[in-house]
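The values are calculated or read from the model by the stated rules, or taken from the named source; none is laboratory data. Values in this document were obtained by computation on a predicted structure and should not be read as measured data. Using ideal geometry, Cβ is built from the backbone for each residue, glycine included, and neighbour counts are taken over all protein chains shown. SASA here: full protein model, heavy atoms, side chains in, ligands and nucleic acids out. Shrake-Rupley method; radii C 1.70, N 1.55, O 1.52, S 1.80 Å.
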Amino acid sequence: TAQNVIKGFHNVTLTLNFIEETAAVLTEIFGYKKVKTEGSFHRYGTDAVENAAFVDLFILPDAYRGINSVGTNHHVAFRVKDEESLMAMREKVLQHGLQITEKINRDYFYSLYFREPGGVLFEIATDNPGFATDETVEELGSTLQLPDRY
């Protein structure tokens, strides 16, 4: 039923050796605000989205960097409305002195990728053109649809 479906993530937790530069990316580029601190745990939040509004930073100075394998995530994705917003975010990332990809066409959305100073790969992805490009909204999920390259 509609009340039992996954509607989004509450938060994502990044385990980092240090957080100052990552926190600056969240606040200066993405517009998050520090919500609370408890010891090594720091929560940042945004009013821009209803779900997945929190990024938690956990300081673990001696932790090893994750290797893409079981138990790790490849990247953390952030949404923007459209290509204009996407490219404005790209400029903010560049102005912050970070390297970022060119715009990538994923058929259902456009995306950019950059690695934040703590080593986590961030994606910024558009809502457009959306998943109703090759089937109607009513048909979504009833058949397998893949991007053209597959």
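Before moving on, here are some points about what is shown:
- Check on A52, open to solvent by less than 50 Å² (accessible area, probe 1.4 Å), under 14 Å from F30 (Cα atoms) and modelled with pLDDT under 90: yes
Residue-wise test of (1) touching a Gly at 6+ places or on another chain (Cβ under 7 Å); (2) of a type outside the set (D, E).
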residue	(1), (2)
L16	yes, yes
E20	no, no
Y44	no, yes
A52	yes, yes
P61	no, yes
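- Candidates T126, T133 - the one that is within 23 Å of Q145 (Cα to Cα), in contact (Cβ under 8 Å) with a residue 24 or more places away in the chain and part of a loop (DSSP other than H, G, I, E, B): T133
- From the list K7, K34, K92, K81, the lone residue that is free of Cβ contacts under 8 Å to residues at least 24 places away in the same chain, open to solvent by 60 Å² or more (accessible area, probe 1.4 Å) and among the charged types (D, E, K, R) is K34.
- Of the residues in the range 106-121, none is open to solvent by 50 Å² or more (accessible area, probe 1.4 Å), assigned to a loop (DSSP other than H, G, I, E, B) and at pLDDT 95 or above.
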